[in-house]
Every structure is written in C-alpha cells, then in structure tokens.
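Asks: Below you will find the structure I want to go over with you.
The values are calculated or read from the model by the stated rules, or taken from the named source; none is laboratory data. Computed from a prediction, not measured in an experiment: that's the story for all the values here. Glycine gets a Cβ as well: all are built from the backbone with ideal geometry, and neighbour counts include every protein chain shown.
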Amino acid sequence: MKIAITGANSSVGQNLLAHIASAADIQAIAGVRSAAAFASLPQSPRITPRVISYTDGDNLVTALADADCVIHLAGILIENKHTNYTSANVDATDAVAQAAFKAGVKHLVFISVVGASTSSANAYFRSKGLAEERVAAAGLSASIIRTPILLGSGTAGSDSLLAMAAKGKTKVLGGGHYTQRPLDVDDLSKAILSVCRAQPEGVTIHELVGPESISYRDLILRVASMQGQEVEIGSVPIAIAKLGAGITSKLKGGGITPTVIDVITMNEHVHSNADTALGILLTPLQSTLEKIIRTI
Ligand SMILES: NC(=O)c1ccc[n+]([C@@H]2O[C@H](COP(=O)([O-])OP(=O)(O)OC[C@H]3O[C@@H](n4cnc5c(N)ncnc54)[C@H](OP(=O)(O)O)[C@@H]3O)[C@@H](O)[C@H]2O)c1
C-alpha cells in the first residue's frame, strides 16, 4: 500500500512514520513544507521525504499521485505572525482534499479534534469543523478521526505535562480541575493505518479517546508520583489568564490566546469511543505515562 502524509514532521507524523518503518506492506511519501524539516524525519527505505506546498494545487496533485491513502496531519492550535487557523486548518485541508480527489486517491484520513464544530463559538474548534466539512465535500471516501490531548514522545501535551510534574511547585489554569481523556499517540497511529488498509466507503467521523478520564491536576500528580516526586499545584484563575493572554497575544501577533485557553481547559467528553469500530485495543493510561517518562 502506498500512502502520502502531510505535516509528516509533526509529532503525530513522527510517530506514524516510526510505525510505517516497521510495516512491511507500506511505502510512504512524507510531505513537509521545507527541506529543513527533512532532517527530523526517521530514515527508512520505506519513507520518501518530499517538499509540498499547500498553495500550489498542481504540486500537491503530483505529490499525492499513486497514493492509495492520504493522511492529512498538518494543522495548528497556536497561531503566530506567519500562520492562522484559516490558512493552516481550513485552507490547507481544503487544498489537500481537492488534490487527493484529482489525483484519484482512494481514501483520505483527516486528524481533527474532539469539540470540532462549524457552529462552535471557539475559533479553533470552528476551523477544525470547517476543515471536516471540506473533507466531506471533496468527493472521495474519508475517515475523520477526532482526538483529545495526545500523549507520546514529542507531543506538546507530553512535554508540558512532564515539565509541570518536575516543578515541585506549579500553577495551572483553574487549578487543573478540567477532565481529559488522553490518547496514546501509538494508538492513534494504529487507528490511522487500520483505516488506510480498510478504506471504508463514504465519510465517517470517529471520536477516539483514551481509556481513562482524569483531571489535569490528577494527571500531573500521578506523573510526579511515578517519578518519586511531589508537586504542589496552585491555581491561575482562568478569567485572569484569558485577560493576560488577550493582551500578550495581540502584542506578539499570536501565541497563547483566550481561544487556546478555552481549548486547553475544555472537559474532553465523547458520547461513544471509536476504539472498537477502529479495531484498536487502547493502551492503559498508566502504560502511556510509563512510556513518556522513559523518554526523559
Ligand atoms: N497534539 C495534540 O494533542 C492534538 C490534539 C488534537 C488534534 N491534533 C491534530 O493532529 C494533527 C497533528 O498535530 P501535532 O500536534 O502532531 O502537530 P505539530 O507537531 O504541532 O505540527 C504541526 C504541523 O502543521 C504544519 N503547519 C503549521 N502551519 C501550517 C500551515 N499554515 N500550512 C500547512 N501546514 C502547517 C507544521 O509544518 P511546519 O513544521 O512546516 O510549520 C507541522 O507539520 C494536527 O492537525 C492537530 O490539529 C493534535
């Protein structure tokens, strides 16, 4: 099977490529935006790095030609001076979906987020909802996988969790009383490859979350305790954090905004977990945490 991946240098992309390096039946085109991003990709005879442009339709069609399945990973939570939700989340997804259709690709996998909705008041969730809409309208069969916070080597969620747990004394948004359903990034990679192999008809939205519901506060305490450490957790009131973020992000032209704070502090909840439908045996949270601690 031939697959093409966009945003291959992302944390999910790195993990997926590591899975592909040991999958004898897969050849992958690893699409990145710059030659500099090549250096971060795993070396394997099964993986061919390629520079792609999301604003050049012909370039995208050529890059995706021959692929049985395209996996679109490029996307952002944190805007900056050079990129925003419209270009990175909506327009890039639209360009990839249209190019995949033109290239005759059989199936498209899009990684979205739990909470994505075209009618959300939150600009990030709205952009992911709009991106899902573009995928569904592109004319090819697709699997949209909505994920919660991802834990695994190099994910933003793991990096900040490990940093918080190592501090001894730390302050978190609202005392960390919001609930998360952390998903092991290895499980996401397995789910992605599973739908690529199955190429189901039509367009399906899956909500895939981890096996355990836990407050962010308890997650930090657990990681600290697993390392034989203690951490005192204080609270930054969310309203004050949003006020500060609103001013700082305007001055800097991006970074942590009130929108990002609302995403981080959302209670992650799904009506039905897609693990069974996707044929995934979820990694217990304890094992995921042991894995990320081993990477320190
Ligand atoms: N990490 C999580 O906890 C989480 C949770 C839910 C959903 N997701 C989704 O999963 C996907 C992968 O996430 P990740 O955390 O692994 O990503 P990541 O490590 O933050 O990497 C972001 C990727 O998006 C690319 N990108 C940034 N701006 C872009 C633009 N304007 N046009 C096209 N590409 C652009 C980056 O390319 P450059 O390096 O060239 O900038 C990079 O390849 C994303 O779609 C994300 O929304 C992640």
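Asks: Would you tally the residues in the range 125-154 being polar (S, T, N, Q), away from the ligand (no atom under 14 Å from the Cβ) and assigned to a helix (DSSP H, G or I)?
Replies: 0
Asks: Let me ask something additional. Return the only residue of 98, 14 being within 27 Å of residue 257 (Cβ to Cβ) and of a type in the set (S, T, N, Q).
Replies: Working: 98 fails: within 27 Å of residue 257 (Cβ to Cβ).
Within the list 98, 14, the selection yields 14.
Asks: For the list (1) surrounded by fewer than 16 Cβ atoms within 10 Å (Cβ to Cβ); (2) under 18 Å from the mean Cα position of the chain (by Cα), I need the number of the one condition that residue 125 fails.
Replies: With respect to (1) surrounded by fewer than 16 Cβ atoms within 10 Å (Cβ to Cβ); (2) under 18 Å from the mean Cα position of the chain (by Cα), residue 125 is out only on (1).
Asks: Counting just the residues of the range 56-67 that are in contact with a helix residue (DSSP H, G or I) (Cβ under 7 Å, 6 or more places away or on another chain) and within 21 Å of residue 144 (Cα to Cα), which one comes out farthest from the ligand (Cβ to nearest atom)? Please lay out each step first, then the result.
Replies: As a first pass, look at the range 56-67 and keep what is in contact with a helix residue (DSSP H, G or I) (Cβ under 7 Å, 6 or more places away or on another chain): 57, 60-61, 64.
Imposing the further condition that a residue be within 21 Å of residue 144 (Cα to Cα) reduces the set to 60-61, 64.
Working: 60: 11, 61: 16, 64: 15 Å.
Within the range 56-67, the match that is farthest from the ligand (Cβ to nearest atom) is 61.
Asks: Moving on. Hey, among 130, 108, 151, which residue is touching a residue at least 60 places away in the same chain (Cβ under 8 Å) and touching a helix residue (DSSP H, G or I) at 6+ places or on another chain (Cβ under 7 Å)? It would help to see each step written out before you state the result.
Replies: Numbers: 130 fails: touching a residue at least 60 places away in the same chain (Cβ under 8 Å); 108 fails: touching a residue at least 60 places away in the same chain (Cβ under 8 Å).
None of the others qualify; the one that does is 151.
Asks: In this structure, is residue 53 modelled with pLDDT under 95, of a type in the set (Ser, Thr, Tyr) and either away from the ligand (no atom under 11 Å from the Cβ) or not in a strand (DSSP E or B) (or both)? First the steps, then the outcome.
Replies: Numbers: modelled with pLDDT under 95: no; of a type in the set (Ser, Thr, Tyr): yes; either away from the ligand (no atom under 11 Å from the Cβ) or not in a strand (DSSP E or B) (or both): yes.
Criteria not met by residue 53.
Asks: Examine the range 265-273 for a residue that is buried (at least 19 other Cβ atoms within 10 Å of the Cβ), part of a helix (DSSP H, G or I) and touching a residue at least 12 places away in the same chain (Cβ under 8 Å), and state whether such a residue exists.
Replies: Looking through the range 265-273, none of the residues is buried (at least 19 other Cβ atoms within 10 Å of the Cβ), part of a helix (DSSP H, G or I) and touching a residue at least 12 places away in the same chain (Cβ under 8 Å).
Asks: Same structure, new question: For the range 222-264, which residues satisfy the criterion of being in a helix (DSSP H, G or I), within 11 Å of residue 172 (Cβ to Cβ) and of a type outside the set (Gly, Ala, Ser)? Even if it seems obvious, please write down each step before you answer.
Replies: Within the range 222-264, the first condition is being in a helix (DSSP H, G or I), and the residues that meet it are 222-226, 238-252, 258-264.
With within 11 Å of residue 172 (Cβ to Cβ) added as a condition, the list becomes 238, 241, 264.
Answer for the range 222-264, where residues must be in a helix (DSSP H, G or I), within 11 Å of residue 172 (Cβ to Cβ) and of a type outside the set (Gly, Ala, Ser): 238, 264.
Asks: Output the number of the condition that residue 64 fails; it satisfies all remaining conditions of (1) surrounded by fewer than 19 Cβ atoms within 10 Å (Cβ to Cβ); (2) touching a residue at least 40 places away in the same chain (Cβ under 8 Å).
Replies: Failing condition for residue 64: (1).
Asks: Since residue 35 meets every condition but one in (1) away from the ligand (no atom under 13 Å from the Cβ); (2) farther than 21 Å from residue 131 by Cβ; (3) in contact with a strand residue (DSSP E or B) (Cβ under 8 Å, 6 or more places away or on another chain), which condition does it not meet?
Replies: Exception for residue 35: condition (1).
Asks: Report, by residue number, each residue of the range 93-124 that is within 14 Å of the ligand (Cβ to nearest atom) and either aromatic (Phe, Trp, Tyr) or in contact with a Ser or Thr (Cβ under 8 Å, 6 or more places away or on another chain) (or both).
Replies: Hits for the range 93-124 are 95, 96, 108, 109, 110, 111, 112, 113, 114, 122, 123, 124.
Asks: Can you pull out every residue in the range 5-35 that is assigned to a strand (DSSP E or B) and buried (at least 23 other Cβ atoms within 10 Å of the Cβ)?
Replies: Correct list: 5, 6, 28, 30, 31, 32.
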